[in-house]
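Everything below concerns the one structure shown next.
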Amino acid sequence: MQEKLKIGCKDVFKSGSALAGGVARQGETCGALIGCIMAIGLIVGREKLEDKEQYQKALEPAIEMYNKFREKIGHTLCHEIHRIRYGKVYRLYIPEERDAFHNMGGHGRKGCPEVCGIAAQTGGEIILRLMNERKKRNRPRKGKDRNTSLKKK
């Protein structure tokens, strides 16, 4: 997503490394969902804690991402996504269960990579819309060229 949308940097990617497996393999909120909400924040997030107005603006697309993810995947918690997709919860912090998860195809085409892909596509669509909205707001209106005073002289 970073490369295609030209947002973020390698440090942002690195910072999300331990989100896998539902936050450090604990089965909590899906790391792909968190990563997408973080990417949305790069576009509309606040720069200062006190900026409550921008915080409100950032919440709207983040909630949209959360709801769309939940609708498409069935849940937002990694362990519940396991239950939906595999009929079983894998506690990835237990080495034997993590091995079983890998051996049964948890990182195969229909496993976590598919969930991550759905998240990335959904997040990317939201981000592209936000970027286009920003461009429209910042675009000079026709007939309102800033240099018209120079052209008339």
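We did not get these values from a lab; they are worked out from the coordinates using the rules stated. Because the structure is predicted, anything quoted here is derived from the model rather than measured. In this analysis, Cβ positions are derived from the backbone assuming ideal geometry, glycine residues included, and neighbour counts consider all displayed protein chains.
Taking 41 Å as R0, compute the FRET efficiency from the Cβ-Cβ separation of V23 and K136 and round it to 0.05.
Working: r = 36 Å, r/R0 = 0.88.
Computed FRET efficiency for V23 and K136: 0.70.
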Principal semi-axes in Å for the range 1-135 [√(5λ), Cα gyration tensor, largest first]: 29, 15, 14
Given only helices, namely DSSP H runs of n ≥ 4 each adding -39500 (n - 2.57), what is the per-residue ellipticity at 222 nm of the chain, to the nearest 500 deg cm²/dmol? -19500 deg cm²/dmol
Using the Karplus curve 6.51 cos²θ - 1.76 cosθ + 1.60 with θ = phi - 60°, work out ³J(HN,Hα) for each residue of the range 43-60 in order, rounded to whole Hz, and write x for Gly and Pro. 8, 10, x, 7, 9, 10, 3, 6, 7, 6, 5, 5, 4, 4, 5, 6, 5, 4
For T29, the residues 5 or more places away or on another chain with a placed amide H closer than 5 Å to its own amide H are C78
What ranking do 118-125, 86-93, 105-112 get when scored by the average of other Cβ atoms within 10 Å per residue, highest first? 118-125, 86-93, 105-112
About its Cα centre, what dipole magnitude does the chain give when the only charges are +1 on Lys and Arg Cβ and -1 on Asp and Glu Cβ, stated in debye to the nearest 20? 1420 debye
Step through the residues of the range 75-80 one at a time and calculate ³J(HN,Hα) from phi using the Karplus curve (6.51 cos²θ - 1.76 cosθ + 1.60, θ = phi - 60°), rounding each to whole Hz and writing x for Gly and Pro. 6, 10, 8, 3, 5, 6
Projected onto the charge dipole of the range 46-113 (unit charges on the beta-carbon of Lys, Arg, Asp and Glu, signs +1, +1, -1, -1), the Cα from N103, N67, I81 with the largest positive-side position is that of N103
Could you run the Karplus curve 6.51 cos²θ - 1.76 cosθ + 1.60 with θ = phi - 60° over the range 110-120 and give me ³J(HN,Hα) per residue in whole Hz, x for Gly and Pro? 8, x, 3, x, 5, 4, 4, x, 5, 4, 5
Restricting to aspartates and glutamates and to Cα separations under 12 Å from K88, and discarding same-chain partners fewer than 8 apart, the set is E80, E97
Dipole check, the chain, charges on Cβ (K,R +1; D,E -1), about Cα centroid: among G8, A20, G117 the Cα furthest to the positive pole belongs to G8
Rel. contact order, % - alpha carbon contacts under 8 angstrom, at least six apart, the range 2-138: 26 percent
